[in-house]
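These notes are about the structure you will find just below.
Nothing in this text is a laboratory measurement; each read-out follows from the coordinates by a stated rule. Just so it is clear, the model here is predicted, and its values are computed rather than measured. Quick reminder, even Gly has a Cβ in these numbers, built from the backbone with ideal geometry, and neighbours come from all protein chains shown.
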Amino acid sequence: MRIVVAGGDGFCGWPTALYLSKQGHEVTILDNLARRKWDDELRSNSVTPIATLEERVAKWKELTGKEIRTFVGDLNHYDFLREVFRQTEPEAFVHFAEQRSAPYSMIDREHAVFTQANNVLGNLNVLYAIKELAPDCHLIKLGTMGEYGTPNIDIEEGYIEIEHKGRKDLLPYPKQPGSFYHLSKVHDSHNIMLACKIWGIRATDLNQGVVYGLHTDETRMDPLLVNRVDYDGVFGTALNRFLIQAAIGHDLTVYGSGGQTRAFLNIQDTVRCIEIAAENPAEPGEFRVFNQFTEYFSVKDLAQMVKKVAEEEGLTTEIAHLENPRVEAEEHYYHAVNTKLKDLGLEPHLLTDEVLKDILKVALEHKDRVIKENVLPSISWK
Ligand code: NAD
Ligand code: USQ
């Protein structure tokens, strides 16, 4: 299959591009390298030293003989995007290419406006490019479990049957996101839904939980193929952050009571979920939603799991309960459905002590790269 991976230089996109290439697909990466520039803006870095995109794809070709084409440019430059569509004629367009940090979107007005413009308009351009140049192309769009928020009822996969005044309908599940970033994903979902309805586009919205880990079989093949791992208070995410904090002897930064429960998955499952979606495309006109996660945990439970494993490895680790910089429920009901990807063949890699130790090992190898001032959260929702 001819597949474009937009955002293919990022944390989820890079291992996905490699995996799809290994499976024999004709893979093209589109990326504007913005994520590397946001590191410069924040004076931050990946814990692992990452090669340039050119070095990465050259090493992949050397090791496997497989070519991954690259286009460096912005989804918001429509002429560029059209050219990529013309040259690649994609059968699937995997869309990871957004500003994905909730804290970054909450820095100030400029960052909120940038996040929503980058994400919502970039996605709208993709929809128009599909309509104009590849109407049969399957859009595989990364959404987020955070679109749903934390309702006091079970979270369904995209739609919920509602009975109201004696009548029933299957309606989009209510969205209650907690940041301008998470809201950008809701706006994307609505735009995709309309495009499917009016133009007959086929789309899958993957409402992904928080991704942990870094390695896949492919990224392990050579140091030049290593994936990025974020740990700072802006782009770092809960579990990976805790493991890196344990590696440098920093207290684990649980925000508030830590009862916040979120859906999680291993990066190895991310790449497989994309393959499953690509191999089982939505029907023309169908706006399909999958909840892409394998387990859920409270932040406090994750911190306890990391503390236990770190102590077994001889590290002294304390759990700190910081004043929560976000506005979010710290104690709440959480139950989300995730059967659709499993029904299509996903076999989850669950979180075990071995998995935690494996990520901790990488963090320990590169702990000297951690910029300690970047670890504590610095952005307030208020
Ligand atoms: P990332 O920041 O590591 O990668 C995103 C990539 O997209 C970067 O390489 C960036 O340069 C590129 N990009 C951003 N805007 C672009 C634009 N306008 N044009 C071209 N390229 C652009 O993020 P990630 O962690 O790999 O996340 C990928 C996607 O998955 C995002 O859409 C994110 O919302 C979603 N997601 C991520 C997680 C997670 O835990 N990392 C969880 C759920 C959903
Ligand atoms: N948290 C802590 N301590 C930390 C970091 C986070 O207690 O050091 C808490 C947060 O307050 C929050 C939860 O952990 O309650 C998750 O925060 P996060 O930073 O790990 O994840 P989030 O901001 O939700 O964003 C990440 C990705 C985003 C993706 C989302 C999936 O950055 O791209 O969309 O996970 S989900 O959470 O399902 O919406």
- Task: Counting helices only, and only those DSSP H runs with n ≥ 4, report the 222 nm mean residue ellipticity of the chain as the sum of -39,500 (n - 2.57) divided by its residues, in deg cm²/dmol to the nearest 500.
- Result: -11000 deg cm²/dmol
- Equivalent ellipsoid semi-axes - Cα gyration tensor, the range 98-160, angstrom: 25, 21, 7
- Note on the structure: If one builds a Gaussian network model of the chain from Cα atoms under 10 Å apart, the most fluctuating residue listed among G209, G200, G13 is G200
- Message: Given axes a ≥ b ≥ c from the Cα gyration tensor, I'd like to know whether the range 241-290 is rounded (a/c under 1.5), prolate (a/b larger than b/c) or oblate.
- Response: oblate
- Task: Project the alpha carbons of the chain onto their principal axes and report the range along each, largest first, in whole Å.
- Result: 63, 57, 42
- Task: Given the options G345, G178, G259, state which has the largest fluctuation in a GNM of the chain using a 10 Å cut-off (strictly under) for Cα springs.
- Result: G345
- What is the Cα centroid distance between the range 310-343 and the range 251-267, reported in whole angstrom? 2 Å
- Item | Charge dipole of the range 2-375 about the Cα centre (unit charges at C-beta), most positive-ward option of F114, L133, H25 | L133
- Message: If I model a spin label as a point 7 Å beyond the Cα along the Cα-Cβ vector, how far apart are those points for N152 and D353 in nm?
- Response: 3.9 nm
- Query: In what sequence do R56, R2, R228 fall when counting other Cβ within 10 Å, fewest first?
  - Reply: R2, R228, R56
- Message: For K168, give me every one of the lysines with a C-alpha distance below 24 angstrom, ignoring sequence neighbours fewer than eight places off in its own chain.
- Response: K197, K340
- What does the charge dipole of the chain about its Cα centre add up to, to the nearest 20 debye, if the Cβ of each Lys and Arg holds +1 and the Cβ of each Asp and Glu holds -1? 480 debye
- FRET efficiency, 1/(1 + (r/R0)^6) with R0 22 Å, evaluated for W38 and A58 via beta carbons: 0.35
- Item | Simple spin-label estimate for E295 and H332 in nanometres, 7 Å along Cα-Cβ | 2.2 nm
- Message: Less than 20 Å apart at the alpha-carbon level, and either on another chain or at least 8 residues along: which lysines does that give for K59?
- Response: K22
- Message: Only Cα pairs within less than 10 Å get springs; with that Gaussian network setup on the chain, which residue of V57, V186, V355 has the largest fluctuation?
- Response: V355
- Item | V113 versus K367: modelled label distance in nm, points set 7 Å from Cα along the beta carbon direction | 4.4 nm
- If you find the alpha carbon centre of the range 166-222 and of the range 100-129, how far apart are they in angstrom? 14 Å
